[in-house]
Amino acid sequence: MKMKRSSVQDSVKFGFSLIEVMIVVVIIGILATLAYPRLERYLISSRQTEAKTNLMAIHTAQKIYHSSNRKYADSLNELGVEVPQGDNAQYGYTLETDGNFFMVTATGNIDSDETKDVWTINQDKKLINVENDVTN
């Protein structure tokens with residue numbers, strides 16, 4: 001014997017309505033709008049960490065060089081520290097020294113605006129953010 005399906009089963013449909021899908025899309029859009037600025041700030045701050053790490057490495061190499069030569073190195077090439085350079089580099093590094101003192105400056109534009117991000121470190125291991133590109 002064949003059984004007939006009830007009319008209730010025929011009227012039941014599976015899936016989501018257009019309104020339900022649109023509500024979900026709006027909720028995801030609102031969450032993304034709230035989360036994006038925090039994510040961008042986090043990524044920019046991580047780029048600053050690159051500069052601080054490289055400056056600390058240069059400082060350590062200068063101290064080692066000074067203990068062997070009784071003066072600080074005149075160029076970054078003498079130190080043997082490799083810092084990113086060229087188009088892929090976030091920062092450019094410059095070294096100023098007179099033999100007894102030194103200052104290394106890292107300058108970069110990490111968020112593509114007019115403000116530069118500038119960090120310095122000296123022989124006393126004083127790491128200073130001269131100009132902050134994240135907050136400006």
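Each value in this text was obtained by applying a stated rule to the coordinates, not by laboratory testing. These numbers come from a predicted model, not from an experiment. Neighbour counts run over all protein chains shown; Cβ positions are idealised from the backbone, glycine included.
In whole Hz and in residue order, list the ³J(HN,Hα) couplings for region 71-79 that follow from phi through the Karplus curve 6.51 cos²θ - 1.76 cosθ + 1.60, θ = phi - 60°; x for Gly and Pro.
These are the phi-based 3J(HN,Hα) values: 7, 8, 5, 8, 9, 5, 5, 5, 7 Hz.
Starting with the fewest neighbours, write out Arg47, Arg41, Arg70 ranked by other beta-carbon atoms found within 10 Å of each beta-carbon.
Ordered from fewest to most neighbouring Cβ atoms within 10 Å, Arg47, Arg41, Arg70 come out as Arg70, Arg41, Arg47.
How large is ³J(HN,Hα), in whole Hz, for each residue of region 100-108 in order, when computed from phi with the Karplus curve 6.51 cos²θ - 1.76 cosθ + 1.60 and θ = phi - 60°, using x for Gly and Pro?
So the Karplus estimates, Gly and Pro as x, are 9, 9, 8, 9, 10, 10, 10, 10, x Hz.
Please determine, in degrees from 0 to 90 and to the nearest 10, the orientation of helix 18-69 with respect to the longest principal axis defined by the Cα atoms of the chain, where the helix direction is its Cα long axis.
Once rounded, one gets 20 degrees.
With no solvent and one point on each alpha carbon, what is the Debye value of log10 I(q)/I(0) for region 17-131 at q = 0.14 Å⁻¹?
For region 17-131 at q = 0.14 Å⁻¹, log10 I(q)/I(0) is -0.64.
Tell me which residues come under 5 Å, amide H to amide H, from Tyr91 once H is placed; ignore anything under 5 positions away on its chain.
none
Can you tell me the dipole magnitude for region 17-131 around its Cα centre, using point charges on the Cβ only (Lys, Arg +1; Asp, Glu -1), in Debye to the nearest 20? Each step should come with its number before you reach the end.
On the way: 10 positive and 15 negative charges, 104 e Å.
Computed charge dipole of region 17-131: roughly 500 debye.
Determine, for the chain, the count of lysine pairs separated by eight or more sequence positions (or lying on different chains) whose alpha-carbon distance falls under 25 Å.
Pairs that pass both the separation and distance tests number 14.
How large is the Rg to Rh ratio of region 88-136 when both quantities use alpha carbon positions and Rh follows Kirkwood? Walk me through the numbers on the way to the answer.
Values: Rg = 11.9 Å, Rh = 11.5 Å.
That ratio is 1.04, to two decimals.
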